[in-house]
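The values are calculated or read from the model by the stated rules, or taken from the named source; none is laboratory data. Given the structure is predicted, the values throughout are model-derived calculations rather than measurements. All Cβ positions, glycine included, derive from the backbone under ideal geometry; neighbour counts span all protein chains shown. In case anyone asks, the SASA skips ligands and DNA or RNA and just uses the protein heavy atoms, side chains included. Shrake-Rupley method; radii C 1.70, N 1.55, O 1.52, S 1.80 Å.
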Amino acid sequence: MVTSYHSTRNKGIQAGAREAVLTGIASDGGLFVRPDLGTEKADLDRILNQSYQENAAYILGLLLPDYTEEELKQAVAAAYTGTFADKAITPLKPVGDLHVLELFHGPTSAFKDVALTMLPQLMSIALQDTEDSAMILTATSGDTGKAALSGFRDVDRTGIAVFYPEGKVSQIQYRQMATQQGSNVKVFAVRGNFDDAQSAVKQLFLDEDLGQWAAGQNIRLSSANSINVGRLVPQVVYYFEAWKQLVNQGVIGRDDKVSFSVPTGNFGDVLAGYYAYRLGLPVKKFVVASNANNVLTEFITTGVYDRNRPFVKTISPSMDILISSNLERLLYYMTDGNTEQVAAWMQELAETGRYEVTPEVLERIRSLFEADYADDAATKETIADVYKEERYVLDPHSAIGYRAGLAKKDDTPMVVLATASPYKFAQDVMQALTGEELGEWDALHRLQELCQDPIPAGLAALENARILHEAVIGVPGMKEAVQGACSLVKNGETA
Ligand SMILES: *Cc1c(COP(=O)(O)O)cnc(C)c1O
């Protein structure tokens, strides 16, 4: 094993990439990071001349050194063959003064598909080193859940349990999860918000009693959230792909820089952009775009991270998050790997809900990251404006990225990450466009009359799909729910 990763909170807690993918989170609650990130740069000329799939295998190889080239090629082929509706996988389109990177052409119509078609492949390969199976525990603010269910459904030696906040996901998101088929899947609504569900899942990974109980059945508990490096690294690829398309479209030259505006919740997607930057992608800046839960806007402006504020339910539910887990990885890099400092801040966050970074660290962050936010009214205004002026329909999350990107744009071309299909949030999008309050199916069909793309097959099929998962539980019931779900773990060998 190459011990290429260690915990953000303790350099002594180490793992190879395969082990890090299998365990998801370090045993002290920290996240796995590579201390030597970007020592080896990506070859940009090579990237310009390769397909998405070739670039994915290449970049994953740079970040996951103990997977072989052959393994990664096969994983990429399995993840990206016949799964995305656009052959570019993540096409880049000019919209007004910005460039929109469409990340939502996968099976569940959100950007999470790019990583969650890949993670089961990486996990299956790593499981071959062991006698074990993996039980995937996933907290979701709406989109990860469905993408993970779709990715892990009926995968050998795995099972998956998804926890979403009851009543705090869109109608379509709810139906996508509640109708999920598969012999190894379980879906639970949890009373509370996403932060409650995510914190509880993190606690379950640290629960020794549960860990031992599962180990007794040769089951490991793992994560499909972006705390897992296997979730993060496939997202690095499309930042290079955006730059490649800009160069190939003649918008920029080979050595010109580009900026990115990223709608953000858990800080996973924008962190993947930072990884691309460390690997040598010519980036001017990242715009961290938030909704009314603007804890990151305040942090990047003042250096104070303070989650002690009301939780706002918005029309961009996948960003309704007050504890952005992956910021911990950025703090690690911005302190030059000062794990004691990161551990101290994370302890403060756990105990008081607040911490403040030093002026030096803040300055370093601000030299590369800017932040902005949009409330629901501003989000709807942007959806309406962009449609009126450009005949392009943005979903609420992407609209927040678009608005922030426009506000922060300078001479450098700005790429906005479009993280979900507008169809996924059809009711709110139609409300923004026409003022009509429609039911979810009426909204879907009316939206099709305005939209650039057809209704994705997975969403169209929901109208007649049967609800299979109706359980609503409290946070204290999650442990028992996991134990129950473990009995569903698919085991190819014994079946
Ligand atoms: C998950 C999600 C986000 C936020 O991504 P993070 O990696 O959590 O920052 C933004 N938009 C959509 C549509 C999402 O599903």
Q) Can you name every residue in region 360-380 that is touching a residue at least 40 places away in the same chain (Cβ under 8 Å), closer than 24 Å to Phe311 by Cβ, of a type outside the set (S, T, N, Q) and part of a helix (DSSP H, G or I)? A) Asp376, Lys380
Q: Within region 198-216, identify whether any single residue is modelled with pLDDT under 95, within 16 Å of the ligand (Cβ to nearest atom) and open to solvent by 20 Å² or more (accessible area, probe 1.4 Å), and answer yes or no.
A: yes
Q) Within region 301-319, how many residues turn out to be closer than 19 Å to Phe286 by Cα and within 16 Å of the ligand (Cβ to nearest atom)? A) 2
Q. Residues in region 396-405: is at least one surrounded by 24 or more Cβ atoms within 10 Å (Cβ to Cβ), charged (D, E, K, R) and at pLDDT 95 or above?
A. yes
Q. Any idea which of (1) surrounded by 15 or more Cβ atoms within 10 Å (Cβ to Cβ); (2) without any contact (Cβ under 8 Å) to a residue 12 or more places away in the chain is the one Glu480 doesn't satisfy?
A. (1)
**Q.** Test: residue in region 248-260 that is of a type in the set (A, V, I, L, M), modelled with pLDDT of 95 or more, away from the ligand (no atom under 12 Å from the Cβ) and open to solvent by less than 10 Å² (accessible area, probe 1.4 Å)
**A.** yes
Q. Is there a residue in region 299-318 that is part of a loop (DSSP other than H, G, I, E, B), open to solvent by 30 Å² or more (accessible area, probe 1.4 Å), among the hydrophobic types (A, V, I, L, M, F, W, C) and within 21 Å of Thr379 (Cα to Cα)?
A. yes
Q. When you go through (1) open to solvent by less than 50 Å² (accessible area, probe 1.4 Å); (2) assigned to a helix (DSSP H, G or I); (3) among the hydroxyl-bearing types (Ser, Thr, Tyr) one by one for Tyr164, which number turns out not to apply?
A. (2)
Q) Restricting region 148-161 to residues that are open to solvent by less than 10 Å² (accessible area, probe 1.4 Å) and within 16 Å of the ligand (Cβ to nearest atom), which is nearest to the chain's Cα centre (by Cα)? A) Ala148
Q: May I ask you to say which residue of Leu450, Leu394 is more than 20 Å from Leu296 (Cα to Cα) and either among the aromatic types (Phe, Trp, Tyr) or away from the ligand (no atom under 16 Å from the Cβ) (or both)?
A: Leu450
Q) Among the residues of region 463-477, how many are open to solvent by less than 40 Å² (accessible area, probe 1.4 Å) and farther than 24 Å from Phe194 by Cα? A) 1
Q. What is the number of the single condition among (1) within 12 Å of the ligand (Cβ to nearest atom); (2) open to solvent by 10 Å² or more (accessible area, probe 1.4 Å) that Ile227 does not meet?
A. (2)
Q. Among Ala292, Ala344, which is open to solvent by 10 Å² or more (accessible area, probe 1.4 Å) and closer than 27 Å to Glu102 by Cα?
A. Ala292
